1. If I go through segment 20-49 residue by residue, how many of them are part of a loop (DSSP other than H, G, I, E, B), surrounded by fewer than 19 Cβ atoms within 10 Å (Cβ to Cβ) and among the polar types (S, T, N, Q)?
2. Kindly evaluate L140 against the criterion of being in contact with a strand residue (DSSP E or B) (Cβ under 8 Å, 6 or more places away or on another chain), surrounded by fewer than 21 Cβ atoms within 10 Å (Cβ to Cβ), aliphatic (A, V, I, L, M) and touching a residue at least 12 places away in the same chain (Cβ under 8 Å).
3. Is it true that some residue in segment 137-160 is at pLDDT below 90 and of a type in the set (F, W, Y)?
4. Which one is surrounded by the fewest Cβ atoms within 10 Å (Cβ to Cβ) among residues in segment 150-166 that are more than 15 Å from V120 (Cα to Cα) and touching a Leu at 6+ places or on another chain (Cβ under 9 Å)?
5. Mind checking which residues of segment 167-195 are touching a strand residue (DSSP E or B) at 6+ places or on another chain (Cβ under 7 Å), surrounded by fewer than 18 Cβ atoms within 10 Å (Cβ to Cβ) and at pLDDT below 90?
6. Which one of these is closer than 19 Å to A77 by Cβ and outside any loop (DSSP other than H, G, I, E, B): L184, L140, L101?
7. Among residues belonging to segment 53-79 that are part of a helix (DSSP H, G or I) and either among the polar types (S, T, N, Q) or more than 13 Å from the chain's Cα centre (by Cα) (or both), point out the one that is surrounded by the most Cβ atoms within 10 Å (Cβ to Cβ).
Amino acid sequence: MRIISGSARGTRLRSVAAASLRPMLDRVKESLFNIIRDSVPGSRVLDLFSGSGALGLEALSRGARRCVFVEKEPRLAELAMENAERCRLADRCELLRQDVLELPRRRPDLAAIPADVVFVDPPYALVDDPNGRAVLFGALDGLAGPWIEPGAVVVLHHLPIPYAVWPGARLSERDKRVYGRSQLTFFELLAEGNDG
């Protein structure tokens, strides 16, 4: 696991053995950043279920302005910041040890918010189950405005779901790509009252 491009290119990221940590394959990550490359420079990034911090750090390496990592598991939260130090990007990072699903109840007080690029890499089971999807997208809808800027690019990493119904009222699907057992679905956060 490494940073692919930008100022920290080639930096190896630390990992830990944890059931909840599923690093994205480099080829999938490279495709993701090729697709959103115009949105990254100068952006404010929100890395939800951040794990090792690989996605947020890749964005920072490619010119994002700031990143907030949100991770509830203490050792993974520490790992994200340790990797930020390894990449010499820690001065542009903030960490929130918080359950993403409870985040809408918290008032944002972070410099990188509202975000205009959002990575969502939850446990696969949460997206695979229709009820889990409803909970996740309810939380994402609750982040619209104070946490996530209207017009933001929101990228969801999950197992392939051929005919998924996405329950979010404010998230409009714009694209999807399947890479073996990984799918990236790209959404745009709509302004309130915009039906897409």
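The values are calculated or read from the model by the stated rules, or taken from the named source; none is laboratory data. As the structure is a prediction and not an experimental result, all values here were calculated from the model. FYI the Cβ positions are ideal-geometry reconstructions off the backbone, even for glycines, and counts take in every protein chain you see.
1. Residues flagged as part of a loop (DSSP other than H, G, I, E, B), surrounded by fewer than 19 Cβ atoms within 10 Å (Cβ to Cβ) and among the polar types (S, T, N, Q) within segment 20-49 amount to 1.
2. no
3. Checked segment 137-160: no residue is at pLDDT below 90 and of a type in the set (F, W, Y).
4. Going through the qualifying residues, I end up with G151.
5. Within segment 167-195, A191 is the sole residue that qualifies.
6. Step by step, each of L184, L140, L101 is checked, and only L101 is closer than 19 Å to A77 by Cβ and outside any loop (DSSP other than H, G, I, E, B).
7. The selected residue is L79.
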